[in-house]
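**Q** One structure, as structure tokens, below. Some questions next.
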Amino acid sequence: MAARAQTQAEADRAVADKASGRLRLYAGETVLLDFPASYGLRPGPKSRQGDWKTPEGDYMLMPARSSPTWRWFLPITYPSPADLAGNRAKGIPDREAGGSIGIHGAGAQAKRHAAGGNWTSGCIAVSNAEIEVLRRAVTRPIPITILPAS
């Protein structure tokens, strides 16, 4: 596990960096957790359901809920009003923006995840061991910034 710290401290913000393939949780300026992460299979910001892209921008990361597929799932508040406005400017209706974006474990894709690279349909994935640590660090909604790959 690539966690910088095995801590029960509560995170107050997260940064998902598509360029470095990392997910970091902070308490103030202190890095609590630093994990390798997988992102959407296709590059660029998410704009519609089924595009296999991870959103980019500022959202809220919600506490974990149990997931039969991914062990734990921490929802991200995508699409934001800014996402919907940007989509409308491109002629994409709100209903096509997609949703159910979050951070989850690798589940049955553990070997694929361990091999590295991006493989999700738009979520952010960490290892099954790391999602256990992550769910304990996010106990309330916190801001998350998802940075672009370039």
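**Q** Considering only DSSP beta bridges whose two residues both sit in the chain, what percent are antiparallel, to the nearest 5?
**A** Working: 24 of 31 bridges.
Approximately 75 percent, going by the DSSP bridge assignments.
**Q** Another one. Which residues among region 108-150 fall inside the zone where the amide N is under 16 Å from a point 7 Å beyond the Cα of residue 100, along Cα→Cβ?
**A** 108, 120-125
**Q** Normalised by the residues of the chain, what does the relative contact order come to in percent, with Cα pairs under 8 Å and at least six apart?
**A** Details: 360 pairs, mean separation 50.7, N = 150.
Contact order relative to length: 34 percent.
**Q** Would you list, by chain and number, the lysines whose Cα falls below 16 Å from the Cα of residue 90, excluding same-chain residues fewer than 8 positions away?
**A** 46
**Q** Another question, if that's okay. Amide H neighbours of residue 44 under 5 Å, at least 5 residues apart or on other chains, H built in the peptide plane: list them.
**A** The list, which skips near neighbours in sequence, is 149.
**Q** Could I ask something else about it? Name the most mobile residue of 38, 66, 47, meaning the one with the largest mean-square fluctuation, in a Gaussian network model of the chain with Cα contacts below 10 Å.
**A** Judging by the Gaussian network model, the answer is 66.
**Q** Share of Cα-Cα pairs in region 64-111 beyond 12 Å, in percent?
**A** Working: 745 of 1128 pairs.
Of all Cα-Cα pairs in region 64-111, 66 percent lie more than 12 Å apart.
**Q** Would you mind getting me the FRET efficiency between residue 111 and residue 49? Use the beta-carbon distance for r and R0 = 35 Å, nearest 0.05. Working shown, then result.
**A** Working: r = 27 Å, r/R0 = 0.77.
Approximately 0.85, to the nearest 0.05.
**Q** Would you look at the GNM of the chain, springs on alpha carbons closer than 10 Å, and say which of 77, 69, 54 moves the most?
**A** Sorting by GNM fluctuation, first place goes to 69.
**Q** If you don't mind, there's one more thing I want to ask. If you average 1/r over every pair of different alpha-carbon atoms in the chain and take one over that average, what Kirkwood value in Å do you get? Please report the intermediate quantities before stating the final value.
**A** Numbers: mean 1/r = 0.0658 Å⁻¹.
So the Kirkwood estimate lands at 15.2 Å.
**Q** List the residues, sorted by chain then number, that are 5 or more residues from residue 144 or on another chain and whose placed amide H is less than 5 Å from its amide H.
**A** Here the answer is 14, 59, 60, 61, since their amide H atoms fall under 5 Å of that of residue 144.
Taken together, the values in this text are just the output of simple stated rules run on the coordinates, not laboratory data. No experiment lies behind these values; they were computed from the predicted model shown. Glycine gets a Cβ as well: all are built from the backbone with ideal geometry, and neighbour counts include every protein chain shown.
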